[in-house]
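Working notes, beginning with the structure itself.
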Amino acid sequence: MRRNLQDGGRLRPVDLARVHGLSTQAIRNYEAAGILPDAERTPHGYRTYTPLHAQALRAFLALVPGHGHQTAASIMQAVNRGATEEALRLIDESHAQLLDDRRTLQAVEAALRDLGPVPQERGDTFVGPLARRLGIRPATLRKWERAGLVRPRRDPQTGYRVYGAADVRDAQLIHQLRRGGYRLRQIAALIVQVRSAGGVAPLASTLRDWHERLSARSRTMLTGAAALDAYLDHRPAESRT
């Protein structure tokens with residue numbers, strides 16, 4: 001039988017805060033942001049919370065590791081205003097992004113497995129066509145160049161950047177690694193390894209770490225889903241849609 005947690009004992013902001021190592025101001029901020037339902041007030045204006053608020057806080061904190069703070073906040077805000085379908089859509093989008101990240105990792109592994117000797121034919125391209133090929137802005141390629149990740153040569157007559165086959169390969173790999181969440185300084189070391197080794201072996205530990213991070217994110221999403229489901233199940237019937 002569903003319990004009405006709103007009829008449970010009354011809690012102070014400090015009672016919610018202590019359990020999770022938060023400040024009372026954080027609790028007030030979460031309520032103001034719509035992450036927690038509105039609190040009742042005593043005749044003297046003090047906030048009072050219920051076990052339902054405690055469950056909302058547990059759900060939010062469980063959602064953050066898998067979805068990120070902003071998305072977790074948006075999910076809770078939608079639930080608290082009765083827009084459950086919107087909250088579920090946000091969750092679906094996060095799962096879709098996770099699936100896309102897994103496919104990106106698979107693409108990186110496939111690209112590394114397929115790395116072979118750089119073809120000797122020219123196959124040159126310029127910054128605009130390469131940017132369109134990767135689906136990025138030319139400014140991004142120039143940023144990678146400033147970071148030492150790509151090293152196009154300059155046409156002696158026009159001064160234009162010219163990307164050879166090896167440069168295109170490096171740009172493709174950088175693009176995949178950036179999508180995987182790696183920072184430029186991390187990618188720089190990997191690119192050096194790829195250039196010298198031309199294969200996946202030197203990157204095995206990095207790829208394992210990437211797999212582990214995605215698996216951990218999947219597990220935290222499951223944890224967040226369970227906590228949110230418990231909160232949804234105990235919200236007042238008129239608040240659920």
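Every read-out reported here was derived from the displayed coordinates using simple, explicitly stated rules and does not represent laboratory data. No experiment lies behind these values; they were computed from the predicted model shown. In this analysis, Cβ positions are derived from the backbone assuming ideal geometry, glycine residues included, and neighbour counts consider all displayed protein chains.
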**Fill in**
In debye to the nearest 20, the charge dipole size for the chain, taken about the Cα centre with +1 at each Lys and Arg Cβ and -1 at each Asp and Glu Cβ, equals 740
**Request:** Report which label in (1) 1.17; (2) 1.00; (3) 0.96 holds the value of Rg/Rh (Cα atoms, Kirkwood Rh) derived from the coordinates of this structure.
**Result:** (1)
**Estimated distance in nm for a label pair at residue 48 and residue 229, the labels positioned 7 Å out from Cα along Cα-to-Cβ** = 3.4
**Complete:** The farthest towards the positive end of the charge dipole of the chain, of the residues 130, 49, 152, given +1 on Cβ of Lys and Arg and -1 on Cβ of Asp and Glu, is 152
**Prompt:** Based on the Cβ-Cβ distance of residue 209 and residue 158, what FRET efficiency does E = 1/(1 + (r/R0)^6) give at R0 = 35 Å, to the nearest 0.05?
**Reply:** 0.25
**Asked** To the nearest 0.05, what FRET efficiency results for residue 69 and residue 218 with a Förster distance of 22 Å applied to their C-beta separation?
**Response** 0.75
**Fill in**
Listed by chain and number, the residues whose amide H is under 5 Å from that of residue 49, excluding neighbours fewer than 5 places away on the same chain and using placed H, are 11, 12
**Request:** May I ask for the angle, rounded to the nearest 10°, between helix 84-113 and the longest principal axis of the chain, with both axes built from Cα atoms and the value confined to 0 to 90°?
**Result:** 30
